[in-house]
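Structure first, then comments.
Bear in mind that the values in this text are calculations on the coordinates, not laboratory data. Just so you know, these numbers come straight off a predicted model, no measurement behind them. When we count neighbours, we look across all protein chains shown, and the Cβ atoms used for this are built from the backbone with ideal geometry, even at glycine.
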Amino acid sequence: MKKYLSIAFAALVCGMAVTSCNVADDGFFITQTNYRLLTFEDDDWTGGTNYLGGSSWSSLIDDSQYGGSILYPGEEGTIYQWNDDKNTYLAHMLPNGYGDNAYWGGGHAVSNYTGVAESEATYELQLAIPLATGHNGSRNFCVHNGYKSYEGAIVPALYFSDKKARIIDHMYVTNTSYTLNEMRKSGTPFKNGEDWLKIVATGYNANNLPTGTVEFYLAKDGKFVTDWTKFSLSTLGAVVKVEFYVDGSCTNEFGLVTPAYFAYDDVQVIEDL
């Protein structure tokens, strides 16, 4: 389980495991925000038995990063999905962009593939990051795949399975090894210092109306995100769903040339008190 000393301290003084507090002038603690974390760590699993029959986040990690039976089950197989039930209630199901239940049509896949040098990474290592761990020294994290090929295209989303609107305050993101390699290797069409790559996130309320859009640059002005970095989503307000896609300037007649991946971890959800 990930350790958060500030959270543990707050739990002692407030009596809640995930509550932040302030000290008032009279010395009493005032509860400000109650929040929950989606960590993808097995110690934090609360979802019961998942669709694969497992009872852990690790049971949702495919043995093969590309072409495995979990993320590529075939048209007769069960589409990949997960649910942080009884915790944040964040959930995801592959959008089935190509109609064959496969991850190449976009989605969010749980991963523990770390320490892969970008120079070694191809699409066959699509779930790997160059860092040694997930955020805050963790084992597991999640990898997004997907761009918006046309207006109105189905893109991967996080949604609350209980349909209750909440504020997603932030997540931590970083580039995958494969994406970094395709942006920085010799002969790549991605022009360092000129081209850019970013995450676009749009929130939706219970009426499926957009609440706002926020962006995060994975590469810009010759700089590349190579560490776990905070991506704030709080300005989207209370949402029941957030759609994500990767956008970039390096394109051809078929669309985005740069691999549309990023890794994310430790998603903080604010709960109403």
Handout entry: chymotrypsin sites (Phe, Trp or Tyr not before Pro) within the stretch 84-172, DSSP loop, no more than 14 other Cβ atoms inside 10 Å
Key = 98, 150
Completion exercise
Taking a ≥ b ≥ c as the square roots of the eigenvalues of the Cα gyration tensor, with a/c under 1.5 meaning rounded and otherwise prolate when a/b exceeds b/c and oblate if not, the stretch 212-273 is prolate
Problem - Calculated SAXS-style log₁₀ I(q)/I(0) at q = 0.11, 0.18, 0.19 Å⁻¹ - the stretch 25-183, Debye, Cα scatterers - result: -0.48, -1.22, -1.34
Exercise for the section: Give 164/220; 220/241; 198/241 a once-over and call out the pairs whose C-alpha atoms are over 24 Å from each other. Expected result: 164/220; 220/241
Practice task
For the stretch 231-254 and the stretch 169-199, write down the distance between their C-alpha centroids in whole Å.
Solution key: 15
Fill in the blank from the handout: For residue 223, the aspartates and glutamates lying under 15 Å Cα to Cα, once residues fewer than eight places off in the same chain are dropped, come out as 182, 194, 195
Problem - Relative contact order [Cα under 8 Å, 6+ residues apart], the chain, whole percent - result: 20
Handout entry: Nearest 10 degrees, 0 to 90: helix 5-14 Cα axis against the chain principal axis
Key = 30
Fill in the blank from the handout: Rounded to one decimal in Å, the inverse mean reciprocal Cα-Cα distance for the stretch 132-273, i.e. its Kirkwood radius, is 15.9
Practice task
Report the convex hull volume per residue for the stretch 67-161, counting only C-alpha atoms, in Å³.
Solution key: 121
Problem - Shape category assigned to the chain from the gyration tensor of Cα positions, a/c cut at 1.5 - result: prolate
Handout entry: Backbone HN-Hα couplings from phi across the stretch 101-113 [Karplus 6.51/-1.76/1.60, Hz, Gly and Pro as x]
Key = 6, 10, 5, 5, x, x, x, 10, 10, 5, 9, 9, 8
